[in-house]
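To start, the structure itself, in structure tokens.
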């Protein structure tokens, strides 16, 4: 009798684990499909999967990380599709999630702040870009690769506001750090070098 009871208990445990694994995978499936489509440059398909993933995980605290990363990649995807109004709503929701789920200095919070800054630059709202990028800079000193990108965006935003000295200072900080973090021939380093050169030549306004 005891062996029979243990046998059935084992079956129940196995079925429970299989059910949990399926449930867990279900909530991550759309994000992974969206990420794969994004890597291939199929942004329309990525948007579909990421919206689905966000819908599946919204208001589920056990999957708040999955929900957040759906939003982060969805914001970038919508920017690439030039859906800036939708991207702004996505980023604002992402910042709300980051604010309640992560420390200010955590990488997810810095990622979403930086993403928001890039979005505001794309929209030509340089004052708002500076606001979120300065906050991102404040919390990103333990994330040097992200800080490189933030300095580059700060340089762009300052130039958009005709604050050229501050723009040059940001680009120079970004260039110095990029050389340390990425190396002289990295794409990010070359991008900042070009932006700094354009600024000095009066081509970046």
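Contact annotation: residue pairs with Cβ atoms under 8 Å, 6 or more positions apart or on different chains, pairing a residue in the stretch 100-124 that is at positive phi and surrounded by fewer than 23 Cβ atoms within 10 Å (Cβ to Cβ) with a partner that is part of a helix (DSSP H, G or I) and modelled with pLDDT of 90 or more, are 124/160.
Number of residues in the stretch 125-182 that are outside any helix (DSSP H, G or I), closer than 23 Å to residue 88 by Cβ and modelled with pLDDT of 95 or more: the value is 2. Does the stretch 86-98 contain at least one residue that is more than 21 Å from residue 34 (Cα to Cα) and free of Cβ contacts under 8 Å to residues at least 24 places away in the same chain? Yes: one or more hits. For the stretch 179-202, taking the residues that are in contact with a helix residue (DSSP H, G or I) (Cβ under 8 Å, 6 or more places away or on another chain) and without any contact (Cβ under 8 Å) to a residue 12 or more places away in the chain, the one that is surrounded by the fewest Cβ atoms within 10 Å (Cβ to Cβ) is identified as 183.
Residue check: is residue 140 under 17 Å from residue 126 (Cβ atoms) and in contact (Cβ under 8 Å) with a residue 12 or more places away in the chain? Here the answer is no, as residue 140 does not meet what is asked.
The values are calculated or read from the model by the stated rules, or taken from the named source; none is laboratory data. Quantities reported herein were computed from a predicted structural model and do not represent experimental measurements. FYI the Cβ positions are ideal-geometry reconstructions off the backbone, even for glycines, and counts take in every protein chain you see.
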